[in-house]
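As structure tokens, the structure follows; a few thoughts come after it.
The values are calculated or read from the model by the stated rules, or taken from the named source; none is laboratory data. Since the model is a prediction, treat every value here as computed from it, not as a measurement. As a convention, Cβ positions derive from the backbone with ideal geometry for all residues, glycine included, and neighbour counts pool all protein chains shown.
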Amino acid sequence: MILMAWAILWIPFLAAVAIPVFFLERPKAAGWTATGALFTSFALSIALLAQLGIPAKPVESSVPWILLPGVTVEFGILINGLTLLMLLIVTGVGSLIFLYSQEYMAHDKGTPRYFACLSFFAFSMIGIVLANNFVEMFIFWELVGLSSYLLIGHWFEKPEASEAGKKAFLTTRVGDAGFLLGILLLFGWLQAGGEGTFNFLAIENLLDGIRRAGNGEAAFLLTVAGLLIFLGVMGKSGQFPLHVWLPDAMEGPTPVSALIHAATMVAAGVFLLARLFFLFSVSPFVLAVVAAIGTFTAFFSASIALVQTDIKRILAYSTLSQLGTMVAALGLANPQAGIFHLGTHAFFKALLFLGAGSVIHKLHTQDIRQMSGILRKMPVTGWTFLAGTLALVGIFPFAGFWSKEEILMTAWHQNLLIFSFLLLTVLFTAVYMGRLFAVAFLPPEGGKTESKKKEGDLSWLMKGPLVVLGIFSLLGGILPLKQFVPLEHDFHGPFFVTLLGLLAGTAGFLVTVYLYHFQPKRIRQMAASLGPVTKVLEKKYYVDEVYNALIRHGQDRFARFCDLFEQIVVVEFYVNGTARATRWAGDRLRKLQTGRVQFYVLLFSAGVTLLAYGMILWNR
Amino acid sequence: MEPLVLLLLPLVPLVAALTLIFIPREKTELFRKITLAATSISFAGTVFLFVRFPLDPAGTHFIFRMDWVPALGISYQTGVDGIGLTLTLLHALVSTSGAFISLWIKERVKEYSIFYLVLVASIYGVFTSLDLFFLYLFYEMSVIPMYPLIGIWGSQNKVYATTKLTIYITTGAVLALAGILSLYGAAGLQTFDLLAIREALNVQPVGIEYERWITPFLLFGFGVIASLWPLHSWSPIGYAAAPSAVSMLHAGVLKKMGPYLMIRLVLTFLPNGARLWLPLIALLATVNILYAAFAAIHQKDLKFLIGFSSVSHMGYVLLGIACFNETALTGTILLMFSHGVMAACAFALVGFIYEKTHTRMIPDLGGLGRKMPFISVCFVMTAMASAGLPGFSNFVSELLIFIGAWRDYRWPAVLAVLGILFTSVYLLRAVRKVFFGPLTRDWKGAEDPKTLLARLPFLLLLGSLLLFGFWPEGLLRVIQPSAALLLGGS
């Protein structure tokens, strides 16, 4: 049984290794190897669930990896409800995306490379989910970063793509540095206490004891460690201000975006929050920071999404916003709701990206202003996209409604300010999705349709995953996703909170669709009257500009300084300077060697005289 | 059997070099073949020793001893502990790959091969000698072939570079020699036998006052070759000028002699002096890491970039030594191995690119990924190894150094973690510019190495990084007992 869990991890890895070795010239075989491997992992995940049920006690298995006195690191797996749920999401949604990729990437030059990286991505993400200790978690954490670097930069000849890959890697690495420092701090502290371990369960037990003891110094240290580890979450899950890589990551192939946004990568951060909730929850301050940053990110990115015109960028900002919502839920001490939303979001966000991918695949544009009437032209894509949209907006009975409602209820209980911002986020979400849908998917104003061309040639390899995900977006809320994660507190609330959330979503969506579809002139006037605001939003609050300035004026200037210092001070002044001084001294000394005996005698006698004087003075 | 094999490691290349003298210079192919054969034999011998190395009991094994000048207590004595063995393995990997890379040399193959083999032999000598006299002899012997190797077969400002490099390293060696001679006197045993001196000093340490004054001679003397800031400036320019295989050996292995001898002589013989001076080394090492990383960000020449990168990485090695504890020391030795292999691979790759494109300037290059997929993949992997990505042994070694440094040198450790960030900045910028993006020119001759033999050096180096990245215990179990023993004696 435990062997099965190990197999879930290593099968995609084997695929990632086998493809470059055997199938470099055979893209079809590469694609089916990768897809088959992940489907096998998915099947094994289901089998594992069937065998274990939702385990009351975590199941653990490990082999030693580093065995030094005082520092032991194992390589292991830790299975509890959370793990099982994540395994199903990662392998399940992942498999559908792999399947879809076969058609989407069929005409690409680098298909085998693409599938090798894709398998490696799945492997790394499964590793994060299964890891039973901090070091292993960090290892896979970094490998996810590597895979995203390779996949976002898949079309490496395109400068934007390779730039975006680099940006993703470096930005998330800022967070990773914090994560590593947090691990070091925590381990150093445990080691000083004589209990140096990286194991999650062991640390959880230790912390339980410490929490009961109520030690002030420990509380401070755990707060710092929690904040540092949260930096890692901010990097991977795109929380402000480390969110800048995610929208740019749209330069990758669209299925990669789907994978990053739904099943892997960004989910890793939220998962980590849930996995290490025992650590974060020690410090109320850390939770408050988590909630604040999550809420801010949710609101902030939803507002940017309002004005974007690139279909993938709108979805990217919506992911940021939804992730913020999940992070906020965890900050509000409700991991169950956060993970619930992670699950439903995985369904509808994968669906939305794959839908967008189909549209881009057919129309060869990503600008929503150049699209119209997709609902009629590509009915399968269009209707499933609508299902995803409604789920994202949170309309009853679609999946997003259930999970979002839980988070709103939690916020209502915990903090009204956060609640109001999240409610506003729901409204914004409805508006930008309404706009996207009205502009791109409904026929142009007046309803006259040009060609009634059906999508026809889109194969079932692409349509199949859309339909499956569409069904899950509709029914996902009814699935017992919540039962995988234990409830920390019970957040019951009045019915009108639910109603408020539903109203914000439904009304916002309908009004926007109406306005954009029937009153486009009014919209243009409104946009014009809000000129400066729109400008700030279009510039994404100038965050990228600030970073670029920091890099140019901070990092690069200091780099230039170091280089100049090297050239002028180190090399010129004190190395070549020493050489020159030596030569100068040599030249002077050479003059003493005149070759005339008289001169030498003179010097000799002068020396003797001086010595004599010296001895006399010394002896006195 | 094993002591004999160990004895042969330096002798095989040395005898090969002597043989080459008598072969007529037209037989270019023969020189190449003999070089390859000699390095490969030593490589095979090292692997054999690595497999046969007994893990229990910890300590120095495979000892061979032959008296030389009994009056002064000089004997030719060889043997390795886990530390020496790991570095010998590093040298075996790099020198053999370097011999393959040396196939690119077209001019004066005879002289090149002779110097190269002498260099290889002397480094084997350093890592296997147990006698202070021969240790120093081999150490100096390695500097001599370096001078012509860079001065004749090098490129770009080569005379300045090689003169500077030689003067620097010789000065460092002289400083260290003063320390060594004084140590010889202080031990009062009339022996150069490292094991005997160690025994004696354990029983009766030299006085703290003495240690205080003698330690910096050794630390800074060896610090020069370890490119300790601010004694590092020979390094980037030296590597830039040297032919690829020599850069590989120098950055990969020769540079590691500095930290190796610091560990062997200072940490072992002068622990009290070390405690006084190591905080300064920790400080300078932190400067190494950050300063060189930032300087690397600003480089335009790929070889300079990697040169500064190696200066930056030596900062981690020096920081690990400064920690003076078992975890960090184990990590340091693993890092010396990992960085050595990584740096060698980087220089081989840059050399290959230069062979094909005739430029090393980052702004000129672009889009090579399409033309040279194999080289690009290797370069990205090397860059990732350098940036401490898990999967490569560099990650494990750096992690151990951080853990070891955390207790006594917390802020240097924090800065060192941030240093990794800047490492990824300059490496990914270079990768992005050189391999990605559109082709800047059509790069007619630019193509991958075709045969498996031509790919072998890259596969060998990266393969070993991956092997010990997945299975760090493979090296750690060899290193750790020796590191513990070395520190335990103090």
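What the table shows:
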quantity: Residue match in the range A:41-64 (condition: among the hydroxyl-bearing types (S, T, Y), in contact with a Pro (Cβ under 9 Å, 6 or more places away or on another chain) and more than 21 Å from A:S119 (Cα to Cα)); calculated: no
quantity: Residue in the range A:194-211 that is within 14 Å of chain B (Cβ to nearest Cβ), assigned to a helix (DSSP H, G or I) and at pLDDT 85 or above present; calculated: no
quantity: Where a residue in the range B:163-179 is on the phi < 0 side of the Ramachandran plot and its partner, wherever it lies, is at pLDDT 85 or above and of a type in the set (D, E), with Cβ under 9 Å and at least six apart; calculated: B:T170/B:E140; B:A173/B:E140; B:L177/B:E140
quantity: B:A71 being within 23 Å of the chain's Cα centre (by Cα), without any contact (Cβ under 8 Å) to a residue 24 or more places away in the chain and either within 23 Å of B:K256 (Cα to Cα) or assigned to a helix (DSSP H, G or I) (or both); calculated: no
quantity: Residue in the range B:403-420 that is within 13 Å of chain A (Cβ to nearest Cβ) and more than 29 Å from B:T286 (Cβ to Cβ) present; calculated: no
quantity: Matching option when the condition is assigned to a helix (DSSP H, G or I) and closer than 20 Å to A:A302 by Cα, among A:L611, A:L617, A:L537; calculated: A:L537
quantity: Check on A:F599, within 14 Å of chain B (Cβ to nearest Cβ) and modelled with pLDDT under 80; calculated: no
quantity: Which listed residue, of A:L279, A:L259, is under 22 Å from A:M137 (Cα atoms) and surrounded by fewer than 24 Cβ atoms within 10 Å (Cβ to Cβ); calculated: A:L279
quantity: Members of the range B:16-38 that are assigned to a loop (DSSP other than H, G, I, E, B) and in contact with a Phe, Trp or Tyr (Cβ under 8 Å, 6 or more places away or on another chain); calculated: B:I23
quantity: Test set (1) assigned to a helix (DSSP H, G or I); (2) under 17 Å from B:F436 (Cα atoms) - A:F115 fails condition number; calculated: (2)
quantity: Identity of the residue in the range A:150-166, without any contact (Cβ under 8 Å) to a residue 24 or more places away in the chain and in a helix (DSSP H, G or I), that ends up nearest to A:G110 (Cα to Cα); calculated: A:S162
quantity: Search result, residues across the range A:63-80 that are in contact with an Asp or Glu (Cβ under 8 Å, 6 or more places away or on another chain), within 14 Å of chain B (Cβ to nearest Cβ) and part of a strand (DSSP E or B); calculated: A:V63, A:P64, A:W65, A:I66, A:L67, A:L68, A:V73, A:E74, A:F75
quantity: Residue match in the range A:431-440 (condition: part of a helix (DSSP H, G or I), in contact (Cβ under 8 Å) with a residue 12 or more places away in the chain, of a type outside the set (A, V, I, L, M, F, W, C) and touching a His at 6+ places or on another chain (Cβ under 6 Å)); calculated: no
quantity: Restricting the range B:320-354 to residues that are β-branched (V, I, T) and within 14 Å of chain A (Cβ to nearest Cβ), the residue that is nearest to B:I105 (Cα to Cα); calculated: B:I333
quantity: Subset of the range B:194-236 (residues that are over 30 Å from B:F347 (Cβ atoms) and polar (S, T, N, Q)); calculated: B:N202, B:Q204, B:T215
quantity: Single condition B:A446 does not satisfy, out of (1) within 10 Å of chain A (Cβ to nearest Cβ); (2) in contact (Cβ under 8 Å) with a residue 24 or more places away in the chain; (3) of a type in the set (A, V, I, L, M); calculated: (1)
quantity: Meets criteria (among the aliphatic types (A, V, I, L, M), assigned to a helix (DSSP H, G or I), at pLDDT below 90 and over 28 Å from A:V282 (Cα atoms)) for A:A337; calculated: no
quantity: Any chance B:L165 is assigned to a helix (DSSP H, G or I), under 23 Å from the mean Cα position of the chain (by Cα), of a type in the set (A, V, I, L, M, F, W, C) and modelled with pLDDT of 80 or more; calculated: yes
quantity: Total residues in the range A:137-161, condition of a type in the set (D, E, K, R) and either more than 9 Å from chain B (Cβ to nearest Cβ) or on the phi > 0 side of the Ramachandran plot (or both); calculated: 1
quantity: Evaluation of A:Q102 against (1) in contact with a helix residue (DSSP H, G or I) (Cβ under 9 Å, 6 or more places away or on another chain); (2) within 14 Å of another protein chain (Cβ to nearest Cβ); (3) surrounded by fewer than 24 Cβ atoms within 10 Å (Cβ to Cβ); (4) at pLDDT below 90 (one fails), failing number; calculated: (2)
quantity: Search result, residues across the range B:266-319 that are closer than 25 Å to B:Q156 by Cα, away from chain A (no Cβ under 14 Å) and under 18 Å from the mean Cα position of the chain (by Cα); calculated: B:K303, B:I306, B:S310, B:H313, B:M314
quantity: Matching residues, the range A:360-381, being assigned to a helix (DSSP H, G or I), of a type outside the set (V, I, T) and either crowded, with 23+ Cβ neighbours inside 10 Å or in contact with an Asp or Glu (Cβ under 8 Å, 6 or more places away or on another chain) (or both); calculated: A:K362, A:K377, A:P379
quantity: Lone qualifier among A:Y542, A:Y600, A:Y547 - being within 33 Å of the chain's Cα centre (by Cα) and surrounded by 13 or more Cβ atoms within 10 Å (Cβ to Cβ); calculated: A:Y547
quantity: Pairs where the first residue, in the range A:555-571, is facing another protein chain (nearest Cβ under 7 Å) and the second is among the charged types (D, E, K, R) and part of a helix (DSSP H, G or I), C-beta under 9 Å, 6+ apart; calculated: A:V571/B:K164
quantity: Qualifying residue in the range B:243-251 (condition: outside any helix (DSSP H, G or I), within 14 Å of chain A (Cβ to nearest Cβ) and either over 17 Å from the mean Cα position of the chain (by Cα) or surrounded by fewer than 24 Cβ atoms within 10 Å (Cβ to Cβ) (or both)); calculated: no
quantity: Number of positions in the range B:421-443 that are farther than 15 Å from B:M361 by Cα and either out of contact with any helix residue (DSSP H, G or I) (no Cβ under 9 Å at 6 or more places or on another chain) or away from chain A (no Cβ under 11 Å) (or both); calculated: 1
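The rows are residues; the columns are (1) touching a helix residue (DSSP H, G or I) at 6+ places or on another chain (Cβ under 9 Å); (2) among the β-branched types (V, I, T); (3) under 30 Å from A:N548 (Cβ atoms); (4) touching a residue at least 12 places away in the same chain (Cβ under 8 Å).
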position	(1), (2), (3), (4)
A:A168	yes, no, yes, yes
A:G175	yes, no, yes, yes
A:L180	yes, no, yes, yes
A:I183	yes, yes, no, yes
A:L186	yes, no, no, yes
A:Q191	yes, no, no, yes
A:E195	yes, no, no, no
A:F200	yes, no, no, yes
A:E204	yes, no, no, yes
